[in-house]
1. Just to verify a result, which residue in region 108-123, among those that are touching a strand residue (DSSP E or B) at 6+ places or on another chain (Cβ under 6 Å) and at pLDDT below 95, is farthest from Gly55 (Cα to Cα)?
2. Can you tell me which residue within region 48-81, out of those that are among the basic types (Lys, Arg) and in a strand (DSSP E or B), is nearest to Val99 (Cα to Cα)?
3. Count, please, the residues in region 79-107 that happen to be within 18 Å of Thr58 (Cα to Cα), free of Cβ contacts under 8 Å to residues at least 40 places away in the same chain and surrounded by 15 or more Cβ atoms within 10 Å (Cβ to Cβ).
4. Among the residues of region 92-113, is any among the polar types (S, T, N, Q) and part of a helix (DSSP H, G or I)?
Amino acid sequence: MRSMQQSRLLAPLALVALLVGAALPVTPVSAAPAKSTAASASAKKKSYDFRQFTGVVTQLDRASLTVEKSGKAARTIVFSRHTEMKTTGDLEKDARVTVYYRDEGGKPVAHKVVVKTTATAAK
């Protein structure tokens, strides 16, 4: 008799457990909380990203570098030199250059200057 009473109790309990289990969302155990990729990408972008400006050197001194871009979007930017600024090629007046810079305190600061040679400019 006991086994019949037990089976009568177990059947409804099994049905309730099945229904409750189906209603609960299943989360894999190995799933780690997702990090916001937009937030980490913007943080990385802020700290490492350089902007570029290509043009011709119009003025050059120890503290600054003035580069002028001609054409439809003509523009001139005066860059402050970073203390550890790297230069590729001979930096001189009238040289065509690409300046890699960051805005620091609202002012453009040159971190790297690549001088374009005549062979590179012809390509």
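The values are calculated or read from the model by the stated rules, or taken from the named source; none is laboratory data. These numbers come from a predicted model, not from an experiment. Positions of Cβ are backbone-derived with ideal geometry, glycine not excepted, and every protein chain shown enters the neighbour counts.
1. Step one: of region 108-123, the residues touching a strand residue (DSSP E or B) at 6+ places or on another chain (Cβ under 6 Å) are 108-116, 121.
Filter once more, so that each one left must be at pLDDT below 95: 116, 121.
Values: Lys116: 10, Ala121: 11 Å.
The residue in question is Ala121.
2. Quick first cut of region 48-81, residues among the basic types (Lys, Arg) only: 51, 62, 69, 72, 75, 81.
Then keep just the ones that are in a strand (DSSP E or B); that gives 51, 69, 75, 81.
Numbers: Arg51: 8, Lys69: 12, Arg75: 14, Arg81: 11 Å.
Filtering first and then ranking leaves Arg51.
3. Adding up the residues that qualify gives 5.
4. At the first step, the residues of region 92-113 found to be among the polar types (S, T, N, Q) are 98.
After this cut, where a residue has to be part of a helix (DSSP H, G or I) as well, the list is none.
No; the residues of region 92-113 include none that is among the polar types (S, T, N, Q) and part of a helix (DSSP H, G or I).
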